[in-house]
1. How far apart, in nanometres, would the label points at D290 and D3 be if each is projected 7 angstrom from Cα along the Cα-to-Cβ direction?
2. For R197 and E305, what does the FRET efficiency come to when R0 = 45 Å and r is the distance between their Cβ atoms, rounded to the nearest 0.05?
3. Quick one: which of K66/K309; K78/K172; K170/K314 span more than 27 angstrom between C-alpha atoms?
4. Evaluate the relative contact order of the range 3-122 (contact order divided by residue number), counting alpha-carbon pairs under 8 angstrom at least 6 apart; express in whole percent.
5. Once you keep just the Cα pairs under 8 angstrom separated by 6 or more residues, what percentage relative contact order results for the chain?
6. Which value, in Å² rounded to 10, gives the accessible area of S8 with a 1.4 Å probe and all protein chains present?
7. How big is the accessible area of S29 in square angstrom, nearest 10, if you roll a 1.4 angstrom probe over the protein chains?
8. Tabulate in residue order the Karplus-calculated ³J(HN,Hα) for the range 309-314, using 6.51 cos²θ - 1.76 cosθ + 1.60 with θ = phi - 60°, rounded to whole Hz; enter x for Gly and Pro.
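The values are calculated or read from the model by the stated rules, or taken from the named source; none is laboratory data. Just so it is clear, the structure is predicted and the values come from calculations on it, not from any experiment. Glycine also receives a Cβ, built like all others from the backbone with ideal geometry; neighbour counts cover every protein chain displayed. To get the accessible areas, we keep the full protein, side chains included, count just its heavy atoms, and leave off ligands, DNA and RNA. Shrake-Rupley method; radii C 1.70, N 1.55, O 1.52, S 1.80 Å.
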Amino acid sequence: MSDVRPVSLSQLLLRKVLAVRDAFGRDISYLRLSVTRRCGFSCIYCADRDCPGSLAEELSLPEILKIAEVLSGMGITKVRLTGGEPLMRRDITEICRGIRDLPGVRTLALTTNGFRLAETARELREAGVSRINISIDTRNPAVFAQITGVPGAEAALSGIEAALSAGFAKVKINAVLLKGLNDDAASIRDLAELSLRYPLDVRFIELMPAGGTACCKGEYFTSGAAVLRALPELREDPEEPVSGVARLYRLPGALGRIGIIAPVTRRFCGGCNRIRVTADGMLRPCLLSDREYRLRGLSAAEIRETVTKALAMKPGEHGISQDGDDDHIRIRMQRIGG
Ligand code: SAM
Ligand code: SF4
């Protein structure tokens, strides 16, 4: 059964009229909404050590709902809550319910480090979240602590079981590939084999320049091809070889799938349908460009006007490549939400 809320023909037509398109003809329908910059983890590839975020700067519940309502009226149909760690917000279930109830929103998703998921999974599901991504780079407790700064492997792994039994329509594991930490064949296989036991996707993501890490020329970068080398028996998923930003594969006999997300070696900007709003209410047309537009404090009409202006400036593609010089690029991932 689909987890996407059905729409009537008249709603579909109205949405076609309202839909926002950028200067390259891409229809924008997916909002990644960061609800906090705070996070109990300090992952080496993400954490903003000098600027960890505070409660005071965060959009309030009414501010979040106002922005989400205006954007849903402009053609946004999918919202993903992210951060920082979204489960740090005490009002996270109210945020979920409010967004779920917006008539234009058909899919509500959330990305978490999983640390508090075991205790909150059911509540989130009841509040309307249908898809959940859990970030777990390794099942090895010592390496997990080395990457995240927290001895939390066991808690995060129990979040997987909790998510599966809470009945989310889609559960995905996100792992950032890190040279020398989790990119050897045994580590990749160990994570990938979760898809043998559980009906979930394990997605390996190429490192982007954020936190304390540089990208391609930095010490940790590994290409997504490492996954194909580690798992020679992988076969392209016959039903859905590409989904969103991921190329999908299957291990023989697996319940779930393996995804490779390669923003560096296989850029997917041409099909980008996303915009982002940061925890302090700045609209970002592109993850990898510093251009931002303030939405906080604006009226609905002003928000619409700002979104239209911002989309005209959404770049055609980002500037990171394996051969390029990306030393000057450093995304504030913890603030933007990935
Ligand atoms: N705290 C939550 C979590 O860890 O899932 C949500 C926020 S986190 C910024 C969102 C996603 O961005 C995670 O899947 C994380 O692995 C990914 N991410 C963070 N920094 C990254 C980087 N430098 N390169 C690629 N992905 C990154
Ligand atoms: Fe926190 Fe998620 Fe960033 Fe790790 S990836 S520091 S858990 S926001």
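1. It is 3.7 nm.
2. About 0.35, to the nearest 0.05.
3. K170/K314
4. 31 percent.
5. 21
6. Probe radius 1.4 Å; accessible area of S8 about 50 Å².
7. 30
8. Computed from phi, the couplings for the range 309-314 are 5, 5, 5, 5, 9, 5 Hz.
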